[in-house]
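Here the structure comes first, spelled out in structure tokens, and everything after it is commentary.
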Protein chains: 2
Amino acid sequence: MGTAERKEREKAEVRKMILDAAMELFIKEGYDSVSIRKIADKIEYSPGSIYTYFEDKASLFYALHVEGFGILYQKQLSAQSIIDPRERLIAHGRAYIEFAVENQQYYDIMFIQHEAEEIICKEKNWDHGHRSYDLLKRNVAECKAAGMFKDLNLDSVAFVLWSTVHGIVSLVIRRGVALKELVNQENNIIIESGLNILRSFIR
Amino acid sequence: MGTAERKEREKAEVRKMILDAAMELFIKEGYDSVSIRKIADKIEYSPGSIYTYFEDKASLFYALHVEGFGILYQKQLSAQSIIDPRERLIAHGRAYIEFAVENQQYYDIMFIQHEAEEIICKEKNWDHGHRSYDLLKRNVAECKAAGMFKDLNLDSVAFVLWSTVHGIVSLVIRRGVALKELVNQENNIIIESGLNILRSFIR
DNA sequence: TGACAAATTAAACAGTGTTCATTATTTTAA
DNA sequence: TTAAAATAATGAACACTGTTTAATTTGTCA
């Protein structure tokens, strides 16, 4: 009697519908349109029923944050086939930036917005972030084994490299218009030359 | 008859009261407490009267954003007394990070929150940002003149250096708790070793 | 079919930014 | 000094927001 399984599956489906509706609103109409009522409208449910699937709005964002880390990790893995450690590390950075630019809303939720952090603390489940960060650390470690980053601390190098690509994409995401005025270049050019400089730093 | 001047002065005073109350609420009770009604409560005015001094809430944030750039620029100038271009550039970065850590709420408004960007676009007054960015560019240019950053584009180097320090502080500000878990170090240690790595990159 | 469980709902609550007609205050001019 | 004009402050209202809860509907199983 698979009714229990079916019910579970149906619940997961509605849950996914909510998350998809939230992302679609975020992408198409901006952050301010991601309200419980608008999500409910979109999936033709009442606002209250959202709370059968998520404790509160922050938990909903946390679920999107988890989804985002899944997409990011897949993207990161695509760079792992490269054999040369230095080129692999650079491809890793490029994959990260590509993820951020192609999924600005996910990136926003994962690394910029403060709604997520409250739940990150409460849940205390760092697995998703750790998996991605460990991959970076491993790539940096193999660069070190190949003679790069001499006399530099592994953790510190990994963190600064992460900070740099995070800085680039978060400035583009949150201050894109101002950047165009400031740096006097299109955002994609800004990103590309940013990667070039980063390449020259990695020795 | 100095009544007009006095009136102008009084208006500026109330305006400043509103901005101060907003920042105090932001610092002491967090972002969610910065509501028009709570600001009005704090200065013992009615909520509606805030709109005599600011067009809307976003304009209020824009005014804080301008205030923040004033503080940042002063901080940046303090590093300009150093003669050696490389050490001056590093001190510039340190000053930037110090400003961000000491004025997390200002930094949030200036570079992270999206409330500000709408107004930045509308106002089209990039002077405050430009003044700070030009100072960085000048310092990078003088490093180039001293033989550093060979074959690298001035604008790109400046942007990446900015991105790096921005990345470091914005991760600390928005994901401080997760960072402690991820990098396994206190935030001030993370920042310090970050600056060390950055120093090693600048050659 | 009846009993139980789970999901859904509408209504309500307290909060938000913002607008606006009304009131109060202050400045200007006669 | 007094009347008129300009300015500022107010509180109520509007349309939102996230969230809770009692009541209702729906579905499952004995």
Next item on the list: Arrange A:43, A:191, A:120 by Cβ neighbour counts within 10 Å, fewest through most, would you?
Entry: A:43, A:120, A:191
Item checked: Cα gyration tensor category, rounded, prolate or oblate, for the protein assembly as shown with a/c compared to 1.5 -> oblate
Notebook entry, point to check: If you average the sequence gap of Cα pairs under 8 Å that are 6 or more apart and divide by the length of segment B:46-188, what percent do you get for the contact order?
Noted result: 25
Notebook entry, point to check: For segment A:57-74, in order, what is each residue's ³J(HN,Hα) by Karplus, 6.51 cos²θ - 1.76 cosθ + 1.60 with θ = phi - 60°, in whole Hz (x at glycine and Pro)?
Noted result: 5, 5, 5, 4, 5, 5, 4, 5, 4, 5, 3, x, 5, x, 5, 4, 5, 4
Next item on the list: Would you work out if segment B:157-203 is rounded, prolate or oblate? Take a ≥ b ≥ c from the square roots of the eigenvalues of the alpha-carbon gyration tensor; rounded if a/c is under 1.5, else prolate when a/b is larger than b/c, oblate otherwise.
Entry: oblate
Notebook entry, point to check: Which of the GluC sites (Glu not before Pro) found in segment B:154-203 are in a DSSP loop and have at most 15 neighbouring Cβ atoms, other than their own, within 10 Å?
Noted result: B:186
Check: DSSP loop trypsin sites (Lys or Arg not before Pro) in segment A:105-174 with at most 14 other Cβ atoms within 10 Å of their Cβ, which ones?
Finding: A:124, A:150
Notebook entry, point to check: Along the charge dipole of the protein assembly as shown, Cβ charges K/R +1 and D/E -1, which of A:65, B:172, A:157 sits furthest on the positive end?
Noted result: A:157
Check: To the nearest 500 deg cm²/dmol, what mean residue ellipticity at 222 nm is calculated for chain A from DSSP H runs of n ≥ 4 alone, each contributing -39,500 (n - 2.57), summed and divided by the residues?
Finding: -25000 deg cm²/dmol
Check: When Lys and Arg each count +1 and Asp and Glu each count -1, what net charge do the other residues less than 15 Å away from residue A:104, Cβ to Cβ, add up to?
Finding: -3
Next item on the list: For residue A:43, go 7 angstrom from Cα along the Cα-to-Cβ vector, then report the distances to that same point in the other copies in nm, smallest first.
Entry: 4.3
Notebook entry, point to check: Classify segment B:98-178: rounded, prolate or oblate, from the alpha-carbon gyration tensor (a ≥ b ≥ c, eigenvalue square roots; a/c under 1.5 rounded; otherwise prolate if a/b is larger than b/c)?
Noted result: oblate
Notebook entry, point to check: Quick one: if you stick a label point 7 Å off each Cα along the C-beta vector at residue A:184 and residue B:148, how many nm between them?
Noted result: 2.2
Check: Using Cα-only point scatterers and the Debye equation, what is log10 of I(q)/I(0) for segment B:50-203 at each q in 0.09, 0.10 Å⁻¹, rounded to two decimals?
Finding: -0.32, -0.40
Margin query: What is the sum of charges, Lys and Arg at +1 and Asp and Glu at -1, for the other residues whose Cβ falls under 10 Å from the Cβ of residue B:67?
Written below: 0
Check: Can you flag which of A:75/A:180; B:7/B:42; A:16/B:124 are past 32 Å Cα-Cα?
Finding: A:16/B:124
Note to self: Please report the net charge: other residues with Cβ closer than 12 Å to the Cβ of residue B:13, K and R +1, D and E -1.
What the structure shows: +3
Next item on the list: Can you list the distances in nanometres, one decimal and ascending, from the residue A:32 label point to the identical position in each other copy, with the point 7 Å along Cα to Cβ?
Entry: 2.0
Notebook entry, point to check: For chains A and B related by rotation, which residue of A has the Cβ nearest the axis, and what is the rounded distance in Å?
Noted result: A:167, 1
Notebook entry, point to check: Taking +1 at the Cβ of each Lys and Arg and -1 at the Cβ of each Asp and Glu, which of A:183, A:50, A:143 sits farthest along the dipole of chain A towards its positive end, judged by Cα position relative to the Cα centre?
Noted result: A:143
Margin query: Spelling out what I want: for every residue of segment B:137-145, take phi, set θ = phi - 60°, compute 6.51 cos²θ - 1.76 cosθ + 1.60 (Karplus), and round to whole Hz; glycine and proline get x.
Written below: 4, 4, 5, 5, 4, 6, 5, 4, 4
Note to self: Test of understanding: what is the full-extension gain from residue B:202 to residue B:98, defined as 0.36 nm times their sequence separation minus their Cα-Cα distance?
What the structure shows: 35.5 nm
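Bear in mind these aren't lab numbers, they're just calculated from the coordinates by the rules spelled out. The shown structure was predicted, so the numbers you read here are calculated from the model rather than taken from an experiment. Quick reminder, even Gly has a Cβ in these numbers, built from the backbone with ideal geometry, and neighbours come from all protein chains shown.
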